[in-house]
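Student: Input: one structure, supplied below.
The values are calculated or read from the model by the stated rules, or taken from the named source; none is laboratory data. Just so you know, these numbers come straight off a predicted model, no measurement behind them. Reconstructed Cβ throughout: ideal geometry from the backbone, glycine too, with neighbour counts over all protein chains shown. Surface accessibility is based on the protein's heavy atoms, side chains included, excluding ligands, DNA and RNA. Shrake-Rupley method; radii C 1.70, N 1.55, O 1.52, S 1.80 Å.
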Amino acid sequence: MNDVSDVGAGARGRSTGARSRRKGAVGEAEAAAALGAVLGKPWRRTAQRWGKAKADIEPCDGGVGVHVEVKRVGSLLKRWSCAVKEHPLILGGELYCCSIDNLVLMLDQVEIPRVCAKSSTVMRYMAQAVRDAEDGLVPMVMCRMDQGPWLVCWRYDDDDRLTAALREAMT
């Protein structure tokens, strides 16, 4: 008879669900640190702090008008990760995307985006952010491949609102 005690267990006996949760928690902490460094104010993970918080990260000094969804993936963002290395702003479908390093530059709204193919992966992440965002909050996705740059993605129609909310977060 087979022992089912390790069914679903991965390396070192941890379940794949536990590894996935840990990867998500680490990604959220990294995204909070990266966004804080760029905007000049610290951000924090919300999931374990408040339990029922819907956004993955928020500014430490209180809410801002942005709902941030954080995702780390293996290799599904290769095209967009490469595109933002070549151009500071891309437009894929109805989503803008830039690297975290270019986010403040994007707030000036002077860059003309390079058109890029849509990413169904980022579209799924954005759909979750839109679904989870409380009324009045602008959905934004921070995502990265393993060992890749953080990408910041937002909807074309939310560009002005996101710019205003992030500028407010910087003051």
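Student: Quick one: accessible area per residue over the chain, 1.4 Å probe, rounded to a whole number of Å²?
Tutor: 55 Å²
Student: Can you compute the charge dipole magnitude of the stretch 77-161 about its Cα centre, using +1 on each Lys and Arg Cβ and -1 on each Asp and Glu Cβ, nothing else charged? Give it in debye, rounded to the nearest 20.
Tutor: Dipole of the stretch 77-161, to the nearest 20 debye: 500 debye.
Student: Quick one: with all protein chains in place, what share of the accessible area of the chain is carbon or sulfur, to the nearest percent (1.4 Å probe)?
Tutor: C and S atoms contribute 51 percent here.
Student: What spacing in nm lies between the two simple spin-label points modelled at residue 21 and residue 171, each 7 Å away from Cα in the Cβ direction?
Tutor: Between residue 21 and residue 171, the simple spin-label model gives 4.1 nm.
Student: Could you give the length gained on full extension between residue 105 and residue 79, defined as 0.36 nm per residue of separation minus the Cα-Cα distance, in nm?
Tutor: 7.2 nm
Student: If you take the square roots of the eigenvalues of the alpha-carbon gyration tensor of the stretch 28-99 and sort them as a ≥ b ≥ c, do you get rounded (a/c under 1.5), prolate (a/b over b/c) or oblate?
Tutor: It is prolate, given that a/c is not under 1.5 and a/b is the larger ratio.
Student: Helix 159-170 versus the longest principal axis of the chain: what angle, 0 to 90°, nearest 10, using Cα atoms?
Tutor: 80 degrees
Student: Going by a ≥ b ≥ c, the root eigenvalues of the Cα gyration tensor, does the stretch 104-154 fall in the rounded group (a/c under 1.5), the prolate group (a/b larger than b/c) or the oblate group?
Tutor: oblate
Student: While we're looking at this one, here's another question. Residue farthest toward the positive end of the dipole of the chain, with Cβ of Lys/Arg at +1 and Asp/Glu at -1: which of 123, 29, 169?
Tutor: 29
Student: On to the next question. Give the share of C-alpha pairs in each 5 angstrom bin for the stretch 69-162, from 0 to the last occupied bin, in whole percents, shortest bins first.
Tutor: Going out from 0 Å in 5 Å bins, the stretch 69-162 shows 3, 15, 28, 28, 18, 8, 1, 0 percent.
Student: Moving on to the next point. If you build the convex hull over the alpha carbons only and average its shadow over all orientations, what do you get for the chain? Give it in nm² to one decimal.
Tutor: The Cα convex hull of the chain, projected and averaged over all directions, gives 11.4 nm².
Student: Then there's this: Treating only the Cβ atoms of Lys and Arg (+1) and Asp and Glu (-1) as charged, compute the dipole magnitude of the chain about its Cα centre; round to the nearest 20 debye.
Tutor: With Lys and Arg at +1 and Asp and Glu at -1, about 760 debye.
Student: Tilt of helix 16-39 relative to the longest C-alpha principal axis of the chain, in degrees (0 to 90, nearest 10)?
Tutor: With rounding to tens, the tilt is 20 degrees.
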